[in-house]
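The values are calculated or read from the model by the stated rules, or taken from the named source; none is laboratory data. Source: prediction; values computed, not measured. Please note: Cβ atoms are built from the backbone with ideal geometry, for glycine as well, and neighbour counts cover all protein chains shown.
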Amino acid sequence: KYVMDLFTMRNIIGPAQLPLVGNAHQFEYGGAAFYRQIMEFGRQYQDHPMFRIWVGIYPIVVLQKAKSVESILSSSKHITKAFQYDFLHTWLGTGLLTSAGEKWHSRRKMLTPAFHFSILQDFCPVFSEQSRVLLQVLDDQLNADGQAELDIFPYMGRCALDIICETAMGCQVHAQTEQNSEYVASVANMSEIVMRRLKNPLYYSESLFARSRLSAEQNACLGVMHAFTTGVIAERRADFAAMSEEERRDQMAIRRRRKRLTFLDLLLFESETGAKLTDSDIREEVDTFMFEGHDTTAAAMTWCLFLLGRHPDVQAEVHKEIDAIWEEGRLSPEGHLTSECLNQLSLLDRCVKEALRIYPSVPFFGREAAEDIEVDGYTITAGTTVLALATQLHRDPEYFPEPEKFNPDRFLPEAVRGRNPYAYVPFSAGPRNCIGAKFAQLEEKAVLCWFLRHYDVTSLQTEEEVDPAGELILRPAHGIRLRVQRRNV
Ligand code: HEM
């Protein structure tokens, strides 16, 4: 296979490789340096629809143009994740993100209703309540002038964790008030470990990896993360078990009618009735949604605040748009932001989209070519790992002139009209797109709306200083330092 791959890949441009080692000896060890390196490859080969790298004997074809990405993402054939996702199995099992075939199809069908638009509206009060907790926590950090300088990323991580636990799992973990970030920190470590493994072909062997220091670190992270998710399931299961059979069915009937079936309730319900999910089936989905549902939005909100802190003119306009909600009395009678309010925040919406263009929370995602594919005149053979590099794709000057510039107007309706939809894919696209995309966008806007209603932000780092680290999530390697100043509202 290796020799065949060497032959078929010969036409695809990429850095010179060594026999058997490929480019592995060149890969930078740290996440931030690796991100810079991959982006540099992208720039070097920007006139090509793709480039290839070799991790030992395994080729990876990196797609960085809308048309080449389209040929993979739009197809219902190439929906199996690249074999490198197997490195996530000890953590996420074969939950929705990592599963394939019939298992993926049936789970996707089962879980889609839990993120239906009508349910999202019910989550809005939670978004507001948890944002208020965030404001209290931040207020405690302010000095007498109502000011503080802090790294905002961990605060966003804990806020997003509280939100996903309450909305999807129906349980409160109080990560914000108890400053409990052991789970959040373990997710960050795990993400780094998986990336280190991905870059080192020796660690593709389970037995070699099991003997490494990295594997011991991974086990420690898994202990923390699985204990956390097991606790969440146990709490919800106890509530569930306390009900009689009839009550349970009634509860489900009531919730279904009101369309308020939380994600975890749905799994527990299915475990007792239809699909007969086992405990480990439930755990892998809870692990998957807990990770995908908090780390991605935390990074997205953080990067958006960083960019607004770099562009005070745009921030001033966002403040005006947000203040109008309070001035015109558009909050719900309970004082929450409603989905209608949030849908009217068109400038904030464009800022969120533009931030996801420059700093997509999921910087790359991979598929296995299900059959030989012709892409822009190149043949990619069946079984090859294909990677969509969102960070580079989103910087294609054909669609985004002056790509490094923060310009929310790129997402005005007239600018979007006619643009190839595959030029911008922060939530991936096609059948295996992000199931939580709408949830994420609403949550981001709600939290940012509360945040910016109460604070002015100034970024204390420049774009050159923030150093994004390209791991499973695009996280700021040294945090995002902001000066927050309480507003007079
Ligand atoms: C700004 C926030 C988010 C971004 C940028 C994002 C992005 C993505 C991307 C790019 C993928 C495809 C990954 C791949 O193919 O490897 C994905 C898949 C997924 N996302 Fe998100 N996501 C976000 C928020 C969320 C939230 C809030 C949830 C859950 C509530 C979620 C749950 C999932 C799941 C379960 C998948 C796998 C879907 C499947 O394969 O069928 N994501 N997301």
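Of note:
- Long-range neighbours under 6 Å by Cβ, at least six apart or interchain, first residue without any contact (Cβ under 8 Å) to a residue 24 or more places away in the chain within segment 99-111, second among the polar types (S, T, N, Q) and more than 9 Å from the ligand (Cβ to nearest atom): A100/T80
- S99 being within 13 Å of the ligand (Cβ to nearest atom), surrounded by fewer than 20 Cβ atoms within 10 Å (Cβ to Cβ) and within 18 Å of T278 (Cα to Cα): no
- Sole exception among (1) under 25 Å from the mean Cα position of the chain (by Cα); (2) away from the ligand (no atom under 16 Å from the Cβ); (3) of a type in the set (D, E) for D349, by number: (2)
- Restricting the search to helices (runs of 4 or more DSSP H) fully inside segment 1-114 and requiring at least 2 residues that are closer than 28 Å to I435 by Cβ and of a type in the set (S, T, Y) gives 66-73.
- In segment 266-286, the condition of being within 10 Å of the ligand (Cβ to nearest atom) and not acidic (D, E) is met by no residue.
So that you can scan it fast, the table gives a plain yes or no per residue for (1) farther than 28 Å from F153 by Cα; (2) modelled with pLDDT under 95:
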site	(1), (2)
I380	yes, yes
Q392	no, no
Y399	yes, no
K405	no, no
R410	no, no
P413	yes, no
A423	no, no
C449	no, no
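- Considering L63, L20, the condition of being within 16 Å of the ligand (Cβ to nearest atom) and not charged (D, E, K, R) is satisfied by L63 alone.
- Flag for I193 being assigned to a helix (DSSP H, G or I) and within 16 Å of the chain's Cα centre (by Cα): no
- Of the residues making up segment 430-489, those that are without any contact (Cβ under 8 Å) to a residue 24 or more places away in the chain and of a type in the set (D, E) are E464, E465.
- Test result for L134, touching an Asp or Glu at 6+ places or on another chain (Cβ under 9 Å), at pLDDT 95 or above and closer than 20 Å to C304 by Cα: yes
- Any hit, segment 44-60, residues being within 16 Å of the ligand (Cβ to nearest atom) and modelled with pLDDT of 95 or more: yes
- Among residues of segment 192-208 that are within 17 Å of F34 (Cβ to Cβ), those with a beta-carbon under 8 Å from a residue that is in a helix (DSSP H, G or I) and hydroxyl-bearing (S, T, Y) at least six positions away or on a different chain give the pairs R196/Y203; R197/Y203; R197/Y204.
- Within segment 144-164, the residues that satisfy the criterion of being among the hydrophobic types (A, V, I, L, M, F, W, C), out of contact with any Gly (no Cβ under 9 Å at 6 or more places or on another chain) and part of a helix (DSSP H, G or I) are M156, C159.
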